[in-house]
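Peer 1: Got a structure here, written out as structure tokens. Questions coming.
The values are calculated or read from the model by the stated rules, or taken from the named source; none is laboratory data. No experiment lies behind these values; they were computed from the predicted model shown. Note that we place each Cβ from the backbone using ideal geometry, even for glycine, and neighbour counts take in every protein chain shown.
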Amino acid sequence: MTSPVGTLSGTRIGAYLVEGKLGKGGMGDVYRAVDERSGRMVALKVLGETRAQSEALLARFEREWRVLRDVVHPNVVTLLDWPHDQRKTTYFVMELLEGQTLDARLDGGVALDLPVFFETMVQIGDGLVAVHGAGIVHRDVKPENIFLTSGDPPVAKLLDFGLARVQKSQITGAGTLVGTPSYVAPEQITGDAVDARADIYSFGLVMYRALTGHHPFANDDQVTTLGHQLLSPPPPPSWLREEIAPQLEALILRMLRKKPEDRPRSMVEVVATLHLLAHGDIDDNEGARASNPPDDRYGPLNPLAESLVKRTLSRKGFKTE
């Protein structure tokens, strides 16, 4: 008899005894389980029977474990097993991580100390280099999908490839906004072609928040958030944290350019620059400070801009409430 996904605790899936629910990912529920063959604790991601009946969801779920199988890197969560249970509950198995997400670490407007910032961002950058090198775009790079292990020193891991896309794949339908609104690149909002530079933009937002404790376009209204992503230049990070070096600020602002061609060419370039900045190997004259911050940077869109954003989303088939 098949157990509903919500009541899997205490049941067996293949060789794994489920102990409890850890959380919910982009394409399934994640459980703590024990591999009864080895005694190893693992994380089990499960796509329940109802979801598995959708060919599109099943294709995405299978694509996620295939991505993890193809990308083996210390800063990407490790895939351990990918069988299909006889009860038709599709699942795969990952390493069990102890620690917290970057989102939890930054909760309440906390910013990372600079040494921790550089160490964490270089590690995630290295992970993204490996992902992009395999021809994959993550499409949902955000603090919730970055995990900091509890080891000493902690290791940063990129998680949740439920929205990842092999660059030649056509699974995403027209008019589908893929990603988290506050961390998507402008081209994801407009439905234009997406490549690795979309991840660079999203990673720039992660770096901005980790460095300042704040998101540059924070707003409770989704349309306003998307509108600022499309139209508004981000406030320079140094307006929120004066000690930020001009060169680091310049890198982040380049990553947040609206046009993909204006961003760094690759994550390799981003990581190389971070390494140089971490060791003070970039000319102090590189980069320049912006002038005084405007008073309404985080405010609502003006009516004309809001109308433009809604028309853009509507034209692409997106729904706005």
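Peer 1: From the list Val34, Val77, pick out the single residue that is at pLDDT 95 or above, out of contact with any Gly (no Cβ under 7 Å at 6 or more places or on another chain) and within 22 Å of Ala130 (Cα to Cα). Show your work before the answer.
Peer 2: Numbers: Val34 fails: within 22 Å of Ala130 (Cα to Cα).
So the residue among Val34, Val77 that is at pLDDT 95 or above, out of contact with any Gly (no Cβ under 7 Å at 6 or more places or on another chain) and within 22 Å of Ala130 (Cα to Cα) is Val77.
Peer 1: Moving to a separate point now. Cβ contacts < 7 Å: first residue closer than 19 Å to Tyr183 by Cα and of a type in the set (Val, Ile, Thr), restricted to the range 246-258; second residue in a helix (DSSP H, G or I) and at pLDDT 95 or above, any location; separation 6+ or different chain. Result?
Peer 2: That search, which allows pairs on different chains as well, returns Ile252/Gly204; Ile252/Met207; Ile252/Tyr208; Ile252/Pro237.
Peer 1: Between Ser291, Ser232, Ser238, which is among the small types (Gly, Ala, Ser) and modelled with pLDDT of 95 or more? It would help to see each step written out before you state the result.
Peer 2: On the way: Ser291 fails: modelled with pLDDT of 95 or more; Ser232 fails: modelled with pLDDT of 95 or more.
From the options Ser291, Ser232, Ser238, the qualifying one is Ser238.
Peer 1: Criterion first (in contact with a helix residue (DSSP H, G or I) (Cβ under 6 Å, 6 or more places away or on another chain) and modelled with pLDDT of 95 or more) does Arg209 satisfy it? Write out each step before concluding.
Peer 2: Details: in contact with a helix residue (DSSP H, G or I) (Cβ under 6 Å, 6 or more places away or on another chain): no; modelled with pLDDT of 95 or more: yes.
So Arg209 fails the test.
Peer 1: Another one. Quick one: is Thr120 over 23 Å from Met267 (Cα atoms) and among the polar types (S, T, N, Q)?
Peer 2: Values: over 23 Å from Met267 (Cα atoms): no; among the polar types (S, T, N, Q): yes.
So Thr120 fails the test.
Peer 1: Does Ala130 satisfy being touching a strand residue (DSSP E or B) at 6+ places or on another chain (Cβ under 7 Å), crowded, with 20+ Cβ neighbours inside 10 Å and at pLDDT 95 or above? I'd like the intermediate steps shown before the answer.
Peer 2: On the way: touching a strand residue (DSSP E or B) at 6+ places or on another chain (Cβ under 7 Å): yes; crowded, with 20+ Cβ neighbours inside 10 Å: no; at pLDDT 95 or above: yes.
So Ala130 does not fit the description; no.
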